[in-house]
Protein chains: 2
Amino acid sequence: MGFCETCVVRNRAICAALDSTEIQALNAIGRRRKLEPGQSLLWEGEDSLLVANVIDGVLKLSTGTADGREQIVGVVYPSDFIGRPFGQQTAHSVTALTDAVVCVFSRSDFDNFAREHPALEHKLLQRTLSELDRTRRWMLLLGRKSASERIAAFLLDMSERLVEPGCTTPPDAPHQTFDLPFSRQQVADVLGLTIETVSRQFTKLKSDGVIDLPSRRTVTILDREALEDRAG
Amino acid sequence: MGFCETCVVRNRAICAALDSTEIQALNAIGRRRKLEPGQSLLWEGEDSLLVANVIDGVLKLSTGTADGREQIVGVVYPSDFIGRPFGQQTAHSVTALTDAVVCVFSRSDFDNFAREHPALEHKLLQRTLSELDRTRRWMLLLGRKSASERIAAFLLDMSERLVEPGCTTPPDAPHQTFDLPFSRQQVADVLGLTIETVSRQFTKLKSDGVIDLPSRRTVTILDREALEDRAG
DNA sequence: CGATGGTTTGAGATATATCAAACCTCGTGG
DNA sequence: CCACGAGGTTTGATATATCTCAAACCATCG
């Protein structure tokens with residue numbers, strides 16, 4: 001008996017492509033791993049030895065320059081796939097932002113398994129295509145948008161993505177109040193800004209009555225329409 | 001008899017996954033199309049009706065804001081794949097920068113064909129994963145690098161990617177002299193800068209003796225090491 | 001309660017954008 | 001063959017958004 005049968009992301013992760021016989025085979029090569037906030041699973045530039053599915057928690061993908069500047073290039077949530085299958089190098093670090101649980105595979109085991117299960121590869125392809133679209137949309141924000149537009153777009157994105165599936169009464173409606181899994185510095189690293197600029201934009205949105213900030217990491221959207229206008 | 005047998009990208013595009021019987025079937029659903037500079041194949045936000053392989057030329061992928069700001073989110077070369085299979089919407093426009101030839105498929109035809117040919121999907125997956133890595137690396141440039149770092153990184157990237165396979169004496173060595181397929185404005189749209197800043201950085205690199213600019217679109221790298229130092 | 005780490009606020013510096021004009025390059029037509 | 005015009009490019013002067021440096025602030029936790 002493995003974990004897969006009772007896995008909370010069984011039907012949302014790429015595993016949904018597999019029947020119960022196949023999932024047992026996958027179960028045999030995977031293992032669960034817990035991560036604490038700040039703990040990394042993969043490091044930029046290292047050999048690609050692991051891939052994984054996110055079961056619970058939020059993780060960041062990040063790259064940096066030699067002199068210490070950092071850019072967060074992706075954020076992953078439960079059911080998302082992480083790591084670089086079919087490749088030698090990991091292009092970015094993967095680090096937990098919250099307590100997290102992942103389902104880890106050795107890359108070579110996973111590669112072999114995937115090559116024998118086209119339906120699994122197909123799910124992975126769909127996911128990768130969507131992620132590429134999302135990433136390219138983010139490039140517009142980084143290349144062309146002002147600080148206030150970036151913050152507004154970020155908050156809207158968070159309100160949509162932090163929705164826990166199956167929890168809210170109207171299915172998958174965006175939240176009005178949510179806890180950011182990011183520190184101010186991490187928000188800055190997502191948006192290509194400095195921590196001071198992020199802080200100032202937050203307080204501006206608050207004093208303009210667009211959002212409320214009940215605590216450091218909690219955001220309440222008071223006027224979603226105004227936020228959409230500001231997102232550019 | 002179709003085009004595929006004599007196609008110059010037959011062994012580099014995703015078609016390389018197919019044997020001669022399969023490629024005939026693919027040939028039956030594809031057709032060639034020529035594009036002039038400035039001509040678009042796909043438009044942001046429209047239904048995803050076409051996908052294609054690039055046979056010759058260079059094309060840009062771009063998105064923009066409502067008020068006219070533009071960001072180039074990708075550049076594709078011969079053997080690259082374009083369009084959004086397995087999805088309803090095209091997330092970005094695709095426009096020729098040079099004279100170009102593409103091999104076009106209706107998306108639904110391609111989707112059906114691909115689902116029956118796992119080896120083709122596998123090639124597409126590999127390509128998409130590589131493109132995602134590349135795109136995420138570009139986010140570091142857009143989010144965290146200065147104008148001079150962006151220009152240096154851009155020129156190095158161009159010198160590597162504009163290499164015509166099989167043409168240079170040392171196989172796939174980066175070029176010292178090459179013609180940019182971009183106007184100054186387009187370089188600005190790739191790098192998230194203004195045309196004036198791009199121009200000033202070019203002239204600075206020239207007066208510093210790092211590059212030469214024999215004509216508007218021609219670049220000669222005089223000191224590659226200096227360029228690498230400046231790329232951050 | 002006092003240390004600690006993260007956050008906010010302030011004042012000033014600066015890289016890049018903006019606005020505007022001059023300058024090429026190249027094709028066209030007289 | 002030269003003058004002209006048009007598009008793209010470079011250069012210049014100025015504005016400004018964001019960064020930088022620094023201090024004050026605030027929660028949290030021993």
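No value in this document is a laboratory result; all are computed from the given coordinates. This structure is a prediction, so every number in the text was calculated from the model and none was measured. Here Cβ is always computed from backbone atoms with ideal geometry, including for glycine, and neighbour counts include all displayed protein chains.
Listing for the model above:
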| item | result |
| --- | --- |
| Chain B, relative contact order [Cα under 8 Å, separation at least 6], % | 18 percent |
| About the Cα centre, charge dipole magnitude for region B:81-137 (Lys/Arg +1, Asp/Glu -1 at Cβ), debye | 260 debye |
| For the protein assembly as shown, with +1 on Lys and Arg beta carbons and -1 on Asp and Glu, the positive-most of A:2, A:89, B:178 along the dipole | B:178 |
| Centre separation in Å (Cα based) which lies between region B:81-156 and region A:52-96 | 20 Å |
| Dipole magnitude of chain B about its Cα centre (Cβ charges: Lys, Arg +1; Asp, Glu -1), debye to nearest 20 | 340 debye |
| Qualifying GluC sites (Glu not before Pro) in region B:105-209, DSSP loop, other Cβ atoms within 10 Å at most 14 | B:116 |
| Charge-dipole axis of region A:1-143 as Lys and Arg at +1 and Asp and Glu at -1 on Cβ define it, positive-most pick from A:29, A:139, A:125 | A:139 |
| Using a 7 Å Cα-to-Cβ projection, residue B:21 label spacings across copies, nm, ascending | 2.5 |
| √(5λ) per eigenvalue of the Cα gyration tensor, region B:23-82, largest first, Å | 25, 13, 10 |
| All-pairs alpha carbon distance profile, region B:111-232, 10 Å steps from 0, percent | 12, 37, 30, 14, 6, 1 |
| Karplus (6.51, -1.76, 1.60) ³J(HN,Hα), θ = phi - 60°, over region B:84-99, in Hz, Gly and Pro reported as x | 10, x, 6, x, 7, 10, 8, 7, 8, 6, 10, 9, 6, 9, 10, 4 |
| Positive-end extreme of charge dipole, the protein assembly as shown - chosen from B:213, A:73, A:153 (charges on Cβ) | B:213 |
| Per-pair calculated FRET efficiency, R0 = 56 Å: residue A:215 and residue B:183 via Cβ, rounded to 0.05 | 0.70 |
| FRET efficiency estimate (nearest 0.05) - Cβ-Cβ, residue A:36 to residue A:148, R0 30 angstrom | 0.35 |
| Other copies of residue B:40: label-to-label distances in nm, shortest first, labels 7 Å along the beta-carbon direction | 4.1 |
| Test item: Cα-centred dipole of the protein assembly as shown, Lys/Arg +1 and Asp/Glu -1 on Cβ, debye | 660 debye |
| Average silhouette area of region A:1-146, convex hull of alpha-carbon atoms, in square nanometres | 9.2 nm² |
